[in-house]
1. According to the square roots a ≥ b ≥ c of the eigenvalues of the Cα gyration tensor, what is the shape class of region 178-274, taking rounded for a/c under 1.5, prolate for a/b larger than b/c otherwise, and oblate for the remainder?
2. Compute the FRET efficiency between GLU168 and GLN60 as 1/(1 + (r/R0)^6), taking r as their Cβ-Cβ distance and R0 = 22 Å, and round to the nearest 0.05.
3. Tell me the angle of helix 111-135 to the major Cα principal axis of the chain, expressed in degrees between 0 and 90 and rounded to the nearest ten.
4. For helix 53-80, what angle does its Cα long axis make with the longest principal axis of the chain, in degrees from 0 to 90 and rounded to 10?
5. Between TYR44, TYR129, TYR261, where does the largest GNM mean-square fluctuation fall for the chain, given springs only between Cα atoms within less than 10 Å?
6. If the elastic network links every pair of Cα atoms under 10 Å, which of ALA74, ALA150, ALA30 fluctuates the most in the Gaussian network model of the chain?
7. For region 195-200, just list the computed ³J(HN,Hα) in residue order, Karplus coefficients 6.51, -1.76 and 1.60, θ = phi - 60°, integers in Hz, with x standing in for Gly and Pro.
8. Compute the Cα gyration tensor for region 75-174, then decide on rounded, prolate or oblate, letting a ≥ b ≥ c be the square roots of its eigenvalues: rounded whenever a/c is under 1.5, prolate when a/b is larger than b/c in the other cases, and oblate in all that remain.
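Every number in this text was worked out from the coordinates using simple rules, so none of it is lab data. Quantities reported herein were computed from a predicted structural model and do not represent experimental measurements. Backbone-built Cβ (ideal geometry, glycine too); neighbour counts: all protein chains shown.
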Amino acid sequence: MSRHWTLDDIRWQDFDAAKVDPDILRAVKAAAMVEFNAPDYVTYLCNVFADRPDVKEAVQQWGGEEVQHGQALARWAELADPEFDFDQAFARFQADYRIDTNAIESVRGSRSGELIARCVVESGTSSYYTAIKDATDEPVLKQIASNIAADEFRHYKLFYDQFNDLGEIQPSILDRIRVAIGRVSEADDDELARAYYSANTPVDGSVTYERSAFSKAYEKRALGLYRRQHVERLVSMVGKAAGLKPHGALMRAVASLAWSYWRFRNWQLARTAI
């Protein structure tokens with residue numbers, strides 16, 4: 001097995017401030033918060049799989065790499081914006097947003113459903129960081145995003161394999177689709193909005209937090225990075241997690257509809273001053 005990359009492998013000396021896109025910077029600041037928040041999810045998932053050391057080992061591996069993602073993105077953001085203080089912004093984020101780390105049962109209704117939901121998340125992050133890599137001209141961010149995208153794809157396989165090896169009654173395809181759609185619909189939840197707000201507004205609280213407004217602010221920067229191939233990859237990975245043929249006629253049709261919606265939503269958001 002090849003060695004996992006570290007922060008020392010990043011060519012920080014290649015950083016080019018002239019190639020920093022302000023909107024991508026705002027999105028990266030928020031993403032750094034979410035990635036670095038992984039330990040709370042590790043605690044929750046280890047509670048859910050308390051009697052499964054194999055799954056817990058996979059979760060802990062995942063969590064350590066997610067934290068490193070947050071560290072890499074945070075360091076880049078502080079290079080791109082010397083006034084940005086990640087530690088201060090993250091403390092602000094955690095003061096306002098925490099998941100329930102005391103839960104011992106999956107919020108997805110089953111442990112199988114929990115692993116499907118994790119696959120959906122990794123589908124989104126893998127396609128998202130690929131989109132960032134393809135959109136940015138800044139060489140250091142391009143390297144970081146490429147590394148993270150590869151990790152997230154591997155994490156998808158990690159959770160997918162854990163799902164197949166769980167040895168418990170697997171949900172029906174209909175139930176798998178329900179879990180997948182439910183997790184996709186949470187993409188505009190409070191976590192991303194809070195992360196964007198904490199990373200991109202003054203620390204003095206002079207800007208009031210409104211979930212809808214800051215969810216749209218994040219969405220505007222994130223969705224605009226995607227191209228059709230990124231959406232198609234996302235849809236196929238989610239389809240596979242849901243038990244469907246990832247490259248079948250149904251998923252090709254879903255991908256076309258998703259891309260049409262994506263373009264319409266981008267058009268809507270482009271008309272807003274957020």
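1. prolate
2. Once the sixth-power term is evaluated, E becomes 0.60.
3. Once rounded, the angle reads 30 degrees.
4. On a 0 to 90 degree scale, this one is about 20.
5. Maximum among the listed residues: TYR261.
6. Most flexible of the set in this elastic network: ALA150.
7. 4, 5, 4, 5, 8, 10
8. Here region 75-174 falls in the oblate category.
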